[in-house]
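Working notes, beginning with the structure itself.
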Amino acid sequence: MSEKSIMIEAKSPTESIRQAYNLWSWFYAKLVAPLERKPRMLGLERAAIQPQDRVLEVAVGPGVTLLEILKRVNQKNVVYGIDLSPKMLKKARDMVNSAGYTNIDLRESDARQLPYPDNTFDVLYNSYMFDLIQLKDMLVVLSEFRRVLKPGGRLALVNMSKEEGNVLTWWEKFYLRLPARWVPYLMGGCRPVLMKGLVKEAGFCEVRQEFINYIFTSEIVVARKPSM
């Protein structure tokens, strides 16, 4: 059974997600980010960021994880980040600047078409984004992640997930019953996903998956772009 066959489809198109997260930007850092902190920090630990690494965070949100990445690299080393939501980007920029960091390059962009050349980054970190996007876009995004990573570069993903793939959770049942227009605002557009198999299908190697049960179940998937 493929992972796609045991994931429910996302209801929210890209523009709905952008609009919803412009609204969520006002309270995400204080209300939602603390619920996600433990899996995000473990994902960062698994990414094993080194001071000299060139790092891209896709879907920076309000900048909570971006700030932690900046603490791990040399201050002369620029950290790159993108997000769909311009208001999230403003929150992220304000957060890291107020902490004294200016070595950032933040851009409004879509993960399906990253604005960077091939073989640019040592590490790509992405959290709580694949649980928002449609099934047809998952391999497109993963292919972009692979493209911009250097040979041997490291990928770290964190997502809402579930350990019993073929069983619908209460969250999924509620998600399926909600009108599509309500999903981005009441549930953040999120539903459980399982990315290990798709990461392998996208051409990554050394793929590892672990589950974290904290408030809700999350998965951490780490992998490398092949060196050759």
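The values are calculated or read from the model by the stated rules, or taken from the named source; none is laboratory data. All values reported here derive from a predicted model rather than from experimental measurement. Every residue, glycine among them, receives a Cβ derived from its backbone with ideal geometry; neighbour counts consider all protein chains shown.
Selection of the range 64-88 for residues being crowded, with 23+ Cβ neighbours inside 10 Å, in contact with a Leu (Cβ under 9 Å, 6 or more places away or on another chain) and either of a type in the set (A, V, I, L, M) or within 17 Å of P39 (Cβ to Cβ) (or both) yields T65, L66, I69, V79.
To keep it simple, each residue is scored yes or no on (1) outside any strand (DSSP E or B); (2) aromatic (F, W, Y); (3) over 18 Å from R54 (Cβ atoms).
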residue	(1), (2), (3)
D118	yes, no, no
R147	yes, no, no
K150	no, no, no
E164	yes, no, yes
P179	yes, no, yes
E206	no, no, yes
E210	no, no, yes
E219	no, no, yes
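Is it the case that the range 126-137 has a residue that's at pLDDT below 95, surrounded by fewer than 13 Cβ atoms within 10 Å (Cβ to Cβ) and among the basic types (K, R)? Checking the range 126-137: not a single residue is at pLDDT below 95, surrounded by fewer than 13 Cβ atoms within 10 Å (Cβ to Cβ) and among the basic types (K, R). Out of L42, L56, one residue alone is under 14 Å from the mean Cα position of the chain (by Cα), at pLDDT 95 or above and surrounded by fewer than 21 Cβ atoms within 10 Å (Cβ to Cβ). It is L42.
Would you mind stating whether G61 is over 17 Å from the mean Cα position of the chain (by Cα) and assigned to a loop (DSSP other than H, G, I, E, B)? Judged against the criteria, G61 is not a match. Please determine, by comparing only the residues of the range 124-152 that are of a type in the set (D, E, K, R) and touching a Phe, Trp or Tyr at 6+ places or on another chain (Cβ under 8 Å), which one is nearest to K11 (Cα to Cα). Filtering first and then ranking leaves R146.
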